[in-house]
Structure formats: structure tokens, C-alpha cells
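Working notes, structure below.
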């Protein structure tokens, strides 16, 4: 399966942090489709399929994010 978007050469580019906490608050424990710049919510749903269907209606490229319940913690494990 080919990716929809080609990855640009990011050499010498500065990544700026984006605070999405207010925008993502209503989507707790859901799948969210974000624009490639991570600034616009293009779709959301309880399932990945539902979020994808809503995002495709916007006719823009997107990435997915699964939001955990906000009352939990996530600690990545690098030793596995």
C-alpha cells in the first residue's frame, strides 16, 4: 500500500509545538483525524473507520490519533 503523502525532507526545519488540549477535549477516548499540520480536526469517531469516513468528506490529507481516556497515564516502554 502506497502512502498518500510523500514525506518532505525535514532537514533544517524547526518543529513548533501545537497545543491541542482545548480542541481535543470533546474527543476523549475516540479516534481523531487531524490535518497534516495538526491544526484542524477533520473527523472523529468511536472507531477508526468512522473517523476516516468523516475525514474523507473534507477532501484533505490527514493523520490519525487515538485519544486515551484523560484520567489515565501513558508511559511508553522502550525495553520490550
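Between residue 28 and residue 63, the simple spin-label model (points 7 angstrom out along Cα→Cβ) gives 2.5 nm. Taking packing as the residue-averaged number of other Cβ atoms within 10 angstrom, the listed peptides 43-49, 31-37, 64-70 run from highest to lowest as 31-37, 43-49, 64-70.
Only the coordinates and a few stated rules stand behind these numbers; no lab work does. Small disclaimer: the values here were computed from a predicted structure and weren't measured. All Cβ positions, even for glycine, are placed from backbone atoms using ideal geometry, and neighbour counts span all protein chains on display.
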